[in-house]
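Notes to accompany the following structure.
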Amino acid sequence: MSKAIKVAPGTEAQIDTLRAIIDKALGFPKRGSHVGGGQHVNMPDTWDGTGPTPPGWAKSASNSWVASVTDAVLPLTDDLVAMLQDSGAQAKLSASEKTALQTAVAARISVILDGRTPKP
Amino acid sequence: MFSRRPGARFNRGRIATSSAPVVTPLTIYGADLYQWLRGDLGITLVTGVSAWADQSGKGNNATQGTGAAQPTYTAADATLNNQPTVTGDGSNDVLSSAALTTDLATDDFYICAIVKQITWTSGDSWTSAAGSTPPRSFQNGASPAMVMTATTSVNSNSAGTLGSWFRMELLWSLTAGASYFKIGSTVVQTGNPGTGSRTSSSIFAAPAALFGNYAVAEFFVVKRAAASGGPTAGERAQINTYLQSRYPAAGF
């Protein structure tokens, strides 16, 4: 059994839309930076965000978790919400996207994700 | 202008130093080392650790492409003499390396890791070689305890102390009841958890859920026959030397 986590609930389509808004606000996909010595993964300098995620890159800020097309959730932790409420992140969103994000944050519930399937 | 006279020595008076070979898992196990993750080597950061590069040379890197599921990197962990460590949050963090399970699909394997359990939840996974059904998982049990499980669960009825770093060893046989789990130098359980399928190897979690909340400083996977007890006595002595040099104050 895993810990309960704060999520935004919705249909799979609603959650996919919300995930795209979050990625837009936070600037994903993002390329990683190498730390420490030794061998590191080879990362392409640029990536268009389609196809498999190259090692060292992060495609999305968050996975959605889908039980069915009408039952999906997106983890929205307090830390993630704080990043999304930063003025730099907000400046990247349209008025309608800000409204959709605020609605999702207000509708958060706590769930245990066991039994659901992460959608990469 | 200098000229070298026959028989003369350069660097006269310089003190010669011993150059004993540096012992590492790679020098000890050579081509049988299939994955070697070390906290001070090969880290790539985005939100957290997006990639932890395999130092074995086999390219079995552990990666996570989703920001929220990337484990936290601690550059100087005060609980381990300021060594760098990687921590899974127990909620959704996991690093996966699909190629590793192909490499070791038909071999017994041995895992040695320097770890610290932070919180305990029965069922949370430490590491798994996951497939359809059943996954080969090493996870928390009740009591607290550690469990090796595939077709059968083998329960240790004991575990490492919460909040303390310890050396964890796991030998997994694909065919017979020669598997074991060790905490430090003590074998706490032997048995036969069965085979199960293997399509993706991961640390901090089984594939979909069951996320473990623990920190890792080092983690390596070696091909070793369970029937002969895993690593040889000579290999064990060298690993002890290596871990003593890496973590002198910890007594691993």
Check your understanding: Right, B:Thr119: within 14 Å of the chain's Cα centre (by Cα), within 14 Å of chain A (Cβ to nearest Cβ) and modelled with pLDDT of 80 or more or not?
Key -> no
Check your understanding: If only one of B:Trp36, B:Trp52 is under 30 Å from A:Leu76 (Cα atoms), of a type in the set (Phe, Trp, Tyr), within 15 Å of the chain's Cα centre (by Cα) and crowded, with 22+ Cβ neighbours inside 10 Å, which one is it?
Key -> B:Trp52
Exercise for review: Mind listing just one residue for me: the one in segment B:209-239 that is among the small types (Gly, Ala, Ser) and buried (at least 17 other Cβ atoms within 10 Å of the Cβ) and, of those, modelled with the lowest pLDDT?
Suggested key: B:Ala209
Review point. If you take the residues in segment A:75-93 that are surrounded by fewer than 16 Cβ atoms within 10 Å (Cβ to Cβ) and of a type in the set (S, T, N, Q), which one is farthest from the chain's Cα centre (by Cα)?
Key: A:Ser87
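Out of A:Thr46, A:Thr99, A:Thr17, A:Thr53, report the one residue that is touching a Gly at 6+ places or on another chain (Cβ under 9 Å) and either buried (at least 21 other Cβ atoms within 10 Å of the Cβ) or more than 9 Å from chain B (Cβ to nearest Cβ) (or both). Quick ask: steps written out before the conclusion?
Numbers: A:Thr46 fails: touching a Gly at 6+ places or on another chain (Cβ under 9 Å); A:Thr99 fails: touching a Gly at 6+ places or on another chain (Cβ under 9 Å); A:Thr53 fails: either buried (at least 21 other Cβ atoms within 10 Å of the Cβ) or more than 9 Å from chain B (Cβ to nearest Cβ) (or both).
One residue alone meets the criteria, A:Thr17.
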Review point. Given (1) under 15 Å from B:Phe219 (Cβ atoms); (2) at pLDDT 95 or above; (3) not in a loop (DSSP other than H, G, I, E, B), where does B:Thr44 come up short, assuming only one miss?
Key: (1)
Review point. What is the residue count in segment A:22-38 for residues that are surrounded by fewer than 16 Cβ atoms within 10 Å (Cβ to Cβ), at the interface with chain B (Cβ under 7 Å from one of its Cβ atoms) and not in a strand (DSSP E or B)?
Key: 1
Study note, to complete from the structure: Note on B:Ala113: of the conditions (1) facing another protein chain (nearest Cβ under 8 Å); (2) closer than 22 Å to B:Phe181 by Cα; (3) in contact with a strand residue (DSSP E or B) (Cβ under 6 Å, 6 or more places away or on another chain), unmet is (1)
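Only one of B:Thr44, B:Thr74 is over 16 Å from the mean Cα position of the chain (by Cα), of a type in the set (Ser, Thr, Tyr) and more than 7 Å from chain A (Cβ to nearest Cβ); which?
It is B:Thr74.
The values are calculated or read from the model by the stated rules, or taken from the named source; none is laboratory data. What you see is a predicted model; the values in this text were computed from it and never measured. In this analysis, Cβ positions are derived from the backbone assuming ideal geometry, glycine residues included, and neighbour counts consider all displayed protein chains.
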